[in-house]
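K.L.:
This structure is in structure tokens; I'll ask about it shortly.
Derivation of every value follows stated rules applied to the coordinates shown; laboratory data play no part. Predicted model, so just to flag it, every value in this text is computed and none were measured. Quick reminder, even Gly has a Cβ in these numbers, built from the backbone with ideal geometry, and neighbours come from all protein chains shown.
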Amino acid sequence: MRRPYFFLLLFLLSTACSQRAFKTIEWEASSKQKPPSELSAPHNAIQVSLPASLEVKRWHQKIGGYKVKNLWIQKINKRGKAYYAKGIVLDSLSVSFYTKLFLLKKKEKQILHQLASNGTLLEKSLFIAQKQSHLQPLLSLTYLDPQETKVTEFLVDGHSQIISQKEISNHFIQGIGMAFEDSSLDQPSIVPLKYLKGDGHLHGKFLKVFSATQPIQNPSNIFKYSPEGKESKAFNSVQIYYTLQKFMDWLQQNTNTRLPFLLKVKANLPGSKKFYFRGQIWIADGDGKSYKNIPRDASILCHEAAHAYIDAIAHLPSEGEGGSLNEGFADFLAAAFTNSPYLGNVAYLKAPFKRNIQVPLTVQDMNGHLYHDSLIVSSTLWDIKKQIGTPKAVQLAFQTLAYLGPNGNFKSFIPAIERAMKELTNQNDVKEILRHKGWYEL
Ligand SMILES: [Zn+2]
């Protein structure tokens, strides 16, 4: 369109519409009134199915080819029929608004270039700001940062000025589930299921849980199952997602570390097996004789997930001294998270717990058995945690693992942990614990 015609059109538009305010629409079928004309959904509206035959459709008004962020309609259908709707629309705009919009369109390329270092552009839309009686179009640009840890929205005006910048999310889609929040297993609660991709499964950005027996699926990402009876297997899968995502976030907060791969968990296997291998955990529900409801025992889940981190950081073996280091670090990381030295205290049936890492074993007690010798490692780390606090101890563990590497053995534990200690400020208290545990006599 040539410039003179453009302004003529603007003039016509502005005279045709005198009101410049946002209009709120609310309509319900029970009013017996005809639905307003704005209520027919475009084919690309967002659609979400809910229980009880409800369906949400949501879309944004478009102006000048842009989707307008703060002008939206949300419509709810019940059994396929319009049932309720609410939204905000704007049907009149001034010349000055279109002039500003034109200016913004011209600058768009330059603005995108200017903000490119903020990561991946997730969304581009218009935002209409109200300044006294005037409406101002702003470009809303939503970026995912390069480390993929947060989403930030920038509002930019036609002079390429950033009007506002705010973090709008620190997780992707948040689903909802029913799970036990702690090891008391008192009463399940409604809990957030963070970072779900939103495909209706327990598939998240960092973690994916799937069942060996049945698909666990809900298009609206609501996973509420009963811990008893027929639904208990599905409940256990949700419990795994909830507990492990929490563990992974806790490690990220304490160490700034994310796994470099998606952790997969196959749940609801028969028997009592539980193990980790190359990015995947296999977790049984328990045979009812030696273990019961393994997925409800955070210490076991986190022990297995800790193996993923140890694998990523050190790639230690599963046998020999390297294997005992592997198991010792896994027990320690799980115990640091639950803040209890007992492992398997919820699911193990034959004793109050499977392992206790608060024991006076020293390096001189080594006997070559995988889990026995792992206790020398885990009890050392546990004593260190009591001395320097959890965050520092977990950081120290991760750094020690990095220095141990795939060939790590008991002899290389001291050089590795001493290197790590140097970076986390020299700790004489830690050396005292290491001496006491016999590590310097190797
Ligand atoms: Zn293990």
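K.L.:
If the only charges are +1 at each Lys and Arg Cβ and -1 at each Asp and Glu Cβ, what is the size of the charge dipole of the chain around the Cα centre, to the nearest 20 debye?
P.N.:
So the magnitude is around 2280 debye.
K.L.:
Nearest 10 degrees, 0 to 90: what angle lies between the long axis of helix 232-255 and the longest principal axis of the chain (Cα atoms)?
P.N.:
90 degrees
K.L.:
Select from Gln165, Phe102, Leu126 the residue farthest towards the positive end of the dipole of the range 95-169; place +1 on Cβ of Lys and Arg, -1 on Cβ of Asp and Glu, and compute about the Cα centre.
P.N.:
The Cα lying farthest towards the positive end belongs to Phe102.
K.L.:
Counting other Cβ atoms within 10 Å of each Cβ, which trypsin sites (Lys or Arg not before Pro) in the range 328-367 have at most 14 and sit in a DSSP loop?
P.N.:
Lys350
K.L.:
In Å, what Rg and Dmax follow from the Cα atoms of the chain?
P.N.:
28.6, 92
K.L.:
If you don't mind, there's one more thing I want to ask. Set the Förster distance to 22 Å, then compute FRET efficiency between Gln161 and Gln132 from the Cβ-Cβ distance, nearest 0.05.
P.N.:
0.75
K.L.:
Let me ask something else about it. Lys246: which aspartates and glutamates have alpha carbons under 15 Å from its alpha carbon, excluding same-chain residues fewer than 8 sequence positions away?
P.N.:
List returned: Glu181, Asp182, Asp297, Glu304.
K.L.:
Let me ask something else. State the dimensionless ratio Rg/Rh of the range 68-114 (Rg: radius of gyration of Cα atoms; Rh: Kirkwood radius).
P.N.:
Computed over Cα atoms, the ratio is 1.24.
K.L.:
Report, in listed order, any pair from Lys67/Lys109; Lys197/Lys292; Lys194/Lys274; Lys264/Lys392 with a Cα-Cα distance greater than 21 Å.
P.N.:
Lys197/Lys292; Lys194/Lys274; Lys264/Lys392, as the Cα separations exceed 21 Å there.
K.L.:
Further question on the same structure: Semi-axes of the equivalent ellipsoid of the range 270-414: what are they in whole Å, largest first, if each equals the square root of 5 times a C-alpha gyration tensor eigenvalue?
P.N.:
Here the semi-axes work out to 23, 17, 15 Å.
K.L.:
Mind pulling the angle between the C-alpha long axis of helix 320-338 and the longest principal axis of the chain? Nearest 10 degrees, somewhere in 0 to 90.
P.N.:
Once rounded, the angle reads 50 degrees.
K.L.:
What is the Cα centroid distance between the range 370-388 and the range 278-356, reported in whole angstrom?
P.N.:
Distance between centres, Cα-based: 14 Å.
K.L.:
If the limit is 29 Å between Cα atoms, which of Lys166/Lys224; Lys86/Lys106; Lys266/Lys431; Lys386/Lys422; Lys124/Lys205; Lys205/Lys289 go over it?
P.N.:
Lys166/Lys224; Lys86/Lys106; Lys266/Lys431; Lys205/Lys289
K.L.:
Output the 0 to 90 degree angle, nearest 10, between the alpha-carbon long axis of helix 390-404 and the longest principal axis computed from the alpha carbons of the chain.
P.N.:
Around 70 degrees separate the two axes.
K.L.:
Quick check: convex hull of the Cα atoms in the range 21-89, volume per residue, rounded to a whole Å³?
P.N.:
94 Å³
K.L.:
What are the aspartates and glutamates whose alpha-carbon lies under 13 Å from the alpha-carbon of Lys107, with same-chain residues fewer than 8 places away excluded?
P.N.:
Cα-Cα hits under 13 Å: Asp157.
K.L.:
A further question on this structure: Based on the Cα coordinates of the range 390-433, what is the per residue volume of their convex hull in Å³?
P.N.:
Roughly 68 Å³ of hull volume per residue.
K.L.:
Fewest first, what order do Phe413, Phe329, Phe210 take by the number of other Cβ atoms within 10 Å?
P.N.:
In order of increasing Cβ crowding within 10 Å: Phe210, Phe413, Phe329.
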